[in-house]
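Contents: one structure, followed by commentary.
The values are calculated or read from the model by the stated rules, or taken from the named source; none is laboratory data. Predicted model only: the values in this text are computed from it and were never measured. All Cβ positions, even for glycine, are placed from backbone atoms using ideal geometry, and neighbour counts span all protein chains on display.
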Amino acid sequence: MGNRADASTTVRLNADHIAFYNDRYLIEADGNVRVTTSEGMTITGDTLSMDLKLNRFLIAGNVHLRSPGGNIDGAAIADFLDFDRVYFVPVIQEPDRWTYVNGDFKHPLKGREMPGDVFYFPDLTHAKINLTAHSATIGAKEYVRFQGVTLRIAAARVPLPSEYIYFGTNPDLGQNSLAGANMDLTYNFAGNNNSISAVHLRKDQQNGVYASFEQHLAGPHGYAVVSLNPATKSQRFWTLVGDERIGKHFQLNSFSQLYQYSPNGFFKQPAAASTWTYLTATQSFTQSYLTAQAVFTNYNLIGPSQPAIENHPFQLHLMASTVPHRIGRTPLFESLSYGFGANHDALGLQNYGGYTYTTLWDHSFNANVYVSNIKFGNRHNAYKTYYFNGSYTKSYTWYSMPHWDVYDTTNLTLSRQFNRAFSSYIGYNVAHTGDYYRQGGWSQPLNPPVINGVPVYSLLAFRGVSTLRTATIGATYTTNPNFVATVLYQHHQDFPIPYPGLFPQPPTNNLGDPLYANYLGQPPNNITGDIRFLAMPHVALDVSREYFFNFGTQRWAPSFTIQVIGQ
Amino acid sequence: MMRRLLALVCTLAVLGAAAPAVSISGQLLAYQQGYVFFTSGNGFHVAPNVRILDDTTKAPTTLQPRPRLFARAVFNEAGQVVELDLSKTALPLQPLSPLVQKYVVAASPSYPNPELAPKTSGTNELTATNTAGMTFSGKPVLIVFEVEVPPSTPFNTQVYMATDTSGWNPQAFRMERVDALHFRLVQRFRSGTIIHYLYTRGSLQSEERSASGLDMPPRTLVVTNADVRAVNDHVYAWADLNTVNGTRIQPDVQPTPFNPAPFPNLPVGFPTPHPR
């Protein structure tokens, strides 16, 4: 990932009026402008214009420069921070043009030609002010932190003590540890080159409206994120995410969470608590990589009196994976992986034949073959070309007890772009899962399960093998980048046959989406419509809803899913 | 007599036409110490009795010359600004005529800057660090991003693009599914924009990984002057699927207790596997 420890210039700005245009990352300041840079300059003047992306600023009007080269009055000064060039129009006896190179303020290059746009102000005709402030601290190419802020949201004016905005290219400071939400208003109230402190006001389907706190830290070789989410609800998660890159071929990742249920108050003893940690190490090689992962889980930190799972399993696995390789001159690609490891829980992992297994070793093999794109139809006309692709994956997992699982997954799709606005695809997916035991295994129940007084006989044929077939038709219509409409129809033909109320619904995340893709009991037909459009500059709205074609009591999904997304 | 009078009038008219007032217009940079400066960086002497007028009405104005205002400067024969017509709206930026060039006040003679010489060699490939010397019109460019995802990507997943222009929001730009392995996004960016981006599946815990299985630096795109641009990328792995034993790390989701049976939602009470 590289070293991000570049020494960067810090610019401190005070003025009567500072405006920030977030569309263009421009800071415009007027009246008693005073700038201090970490390079040792102090400049005063009438007005300032700074382009945060181009990383340069201009101060004009009654400029006074105090630098290691002395105190000089001038008409304007421009500092191109990326290039370590300062262009100055001093007015001593009469105006002149000086260029300071590489921080040498004692030996200006007098009369040297300057770039043509050194002293240009940006055209702000159609630009909108995002906030105003009294002072700002700018970490060149990384962040700006405003103080004495008035935030402008449409016609509203929101006073804030400070506002931090990160505009750097390092995603490490953008790492977050929060679960998804339908809406997230983030207030970065403090920060610098290496840290951001943020409060989030969020809304999701499970928790409603709540607040969260998140602290981001980033260094040259990694990052850490600590969060409390939701901070204002009785069920909350404390999270620590870490990433450390050691050399060019090795990295460590950690993800730890502490779950806490405190119905009696934030500082009261929780009624339930659990914790889990994923620790992953990855070593890369030329055409493959090795991953070791340990997972520690303690489902109950409170004690045996609590009605919670008391298990505390531990897993340790090692897996080698290859990157996709083309098979000869064919359009096929393949990738392989093989791994082994152990699972342990003193309270037992599985009971089979009257014996409780507390440790289970396993090893697994995974092979994938896929074809990326095969074109046919009129290949000279992009709107009449069809694209076919498919993939097949076979996985085996063998356990130290006489038990193994086999997974077969096949995906086939055919797609076409009909015109600039409309594209569509049809797909067919088969997920086949077999759970086998050398002696015995799954057997039918004595009686069929009864749902609402009706026996469901089809489940009696289940012997530990499921086949989920899904046919999909998807279409996308987009007239311009700011408006996208999609429709997705899926038909499932599964065994065991789904029956309303027979299979428990899978757990969902905060957005209401199932936590795993293939599960038993999916409604046979569902159609999803989704519209996404730009509601405001930099704010997109995504509205979707699903219909289940009268599967039991399921018709329309309980509500529209609405997401507000900052761009 | 009439002929002489006519000749005098003609002579005066010709003289008047031959010596029009010299002027330039542009945006003001500074007005101080007896000089007026334009954003070209050029400074000119201001006459002591300079008239400050409104550019539209040519009447005296309450506006005072200051940075950011636009102005038209009228020179006398001595090269001094004798009239300054101010405007809050943009006035055309005029190139300096040779005559006005002579009026520019500079203590030191100008000499070329080798750093501004056009580049004569180099690669055609634009990167975020070799755009110096390139010019960009700033026109909106339609960018079509198409990404191929690994076959292990779940079919019900969404793919997004996180960019530095959106503070690395992992859901900033949602992509549309093209088929089982491809997603597409169409966006407009102005030419000259340098975009750093990564593909994600909705969170930075599920961001893309490099072919080596490690974190990868952001992809970089320099938007050049074009009407449309196609970008084709390849994701080799996802961080949250880059785990062993099928474990997926998801915030606020307890790990599923170890279950040797791959059917997590069978009906309660259904017999578990047993020996015969």
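Just a yes or no: is a residue in segment A:92-114 crowded, with 22+ Cβ neighbours inside 10 Å, over 24 Å from A:N22 (Cα atoms), within 12 Å of chain B (Cβ to nearest Cβ) and over 48 Å from the mean Cα position of the chain (by Cα)? Taking every residue of segment A:92-114 in turn, at least one turns out to be crowded, with 22+ Cβ neighbours inside 10 Å, over 24 Å from A:N22 (Cα atoms), within 12 Å of chain B (Cβ to nearest Cβ) and over 48 Å from the mean Cα position of the chain (by Cα). Restricting B:P267, B:P273, B:P217, B:P257 to those that are at pLDDT 85 or above, facing chain A (nearest Cβ under 7 Å) and surrounded by fewer than 18 Cβ atoms within 10 Å (Cβ to Cβ) reduces the list to B:P217. Consider segment A:356-385 and keep the residues that are within 10 Å of chain B (Cβ to nearest Cβ) and aromatic (F, W, Y). The one that is surrounded by the most Cβ atoms within 10 Å (Cβ to Cβ) is A:Y370. Under the condition of being among the hydrophobic types (A, V, I, L, M, F, W, C), farther than 17 Å from A:N298 by Cβ and more than 8 Å from every other protein chain (Cβ to nearest Cβ), the residues counted in segment A:231-249 number 2.
Taken together, the residues in segment B:197-230 that are within 19 Å of A:F167 (Cα to Cα) and free of Cβ contacts under 8 Å to residues at least 12 places away in the same chain amount to 1. Among the residues of segment A:41-56, the one identified as in contact with a Pro (Cβ under 8 Å, 6 or more places away or on another chain), of a type outside the set (S, T, Y) and in contact (Cβ under 8 Å) with a residue 60 or more places away in the chain is A:D51.
Taken over segment A:356-391, the criterion of being hydrophobic (A, V, I, L, M, F, W, C) and assigned to a helix (DSSP H, G or I) is satisfied by A:A382 alone.
Condition check ((1) without any contact (Cβ under 8 Å) to a residue 40 or more places away in the chain; (2) more than 9 Å from every other protein chain (Cβ to nearest Cβ); (3) closer than 23 Å to B:L185 by Cβ) across all residues:
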{"site": "A:T479", "(1), (2), (3)": "no, yes, yes"}
{"site": "A:V484", "(1), (2), (3)": "no, no, yes"}
{"site": "A:L488", "(1), (2), (3)": "no, no, yes"}
{"site": "A:F495", "(1), (2), (3)": "yes, yes, no"}
{"site": "A:P498", "(1), (2), (3)": "no, yes, no"}
{"site": "A:Y516", "(1), (2), (3)": "yes, no, no"}
{"site": "A:Y519", "(1), (2), (3)": "yes, no, no"}
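Residues that are over 30 Å from B:P273 (Cα atoms), touching a residue at least 24 places away in the same chain (Cβ under 8 Å) and part of a strand (DSSP E or B): does segment A:302-321 have at least one? Checked segment A:302-321: at least one residue is over 30 Å from B:P273 (Cα atoms), touching a residue at least 24 places away in the same chain (Cβ under 8 Å) and part of a strand (DSSP E or B). Within the span defined as segment A:259-271, one or more residues are within 11 Å of chain B (Cβ to nearest Cβ) and either under 27 Å from the mean Cα position of the chain (by Cα) or part of a loop (DSSP other than H, G, I, E, B) (or both). Within this structure, A:R416 passes the test of being touching a residue at least 12 places away in the same chain (Cβ under 8 Å), surrounded by 15 or more Cβ atoms within 10 Å (Cβ to Cβ) and among the basic types (K, R). The condition of being closer than 30 Å to B:I194 by Cβ and more than 9 Å from chain B (Cβ to nearest Cβ) does not hold for A:R202. Can you spot a residue in segment A:433-442 that is in contact with a Ser or Thr (Cβ under 9 Å, 6 or more places away or on another chain), in contact (Cβ under 8 Å) with a residue 60 or more places away in the chain, facing another protein chain (nearest Cβ under 10 Å) and closer than 24 Å to B:P264 by Cβ? Among the residues of segment A:433-442, at least one is in contact with a Ser or Thr (Cβ under 9 Å, 6 or more places away or on another chain), in contact (Cβ under 8 Å) with a residue 60 or more places away in the chain, facing another protein chain (nearest Cβ under 10 Å) and closer than 24 Å to B:P264 by Cβ, which makes the answer yes. When B:P112 is tested against the conditions (1) more than 11 Å from every other protein chain (Cβ to nearest Cβ); (2) without any contact (Cβ under 8 Å) to a residue 60 or more places away in the chain, the lone failure is (1).
Screening A:R145, A:R152, A:R157 for residues that are more than 16 Å from the chain's Cα centre (by Cα), surrounded by 20 or more Cβ atoms within 10 Å (Cβ to Cβ), basic (K, R) and on the phi < 0 side of the Ramachandran plot leaves exactly one candidate, A:R145.
Per the conditions (1) surrounded by 16 or more Cβ atoms within 10 Å (Cβ to Cβ); (2) outside any loop (DSSP other than H, G, I, E, B); (3) not aromatic (F, W, Y), the sole criterion not satisfied by A:A179 is (2).
Among the residues of segment A:461-477, those that are in contact (Cβ under 8 Å) with a residue 40 or more places away in the chain and more than 30 Å from B:I143 (Cβ to Cβ) comprise A:S466, A:L468, A:R469, A:T470, A:A471.
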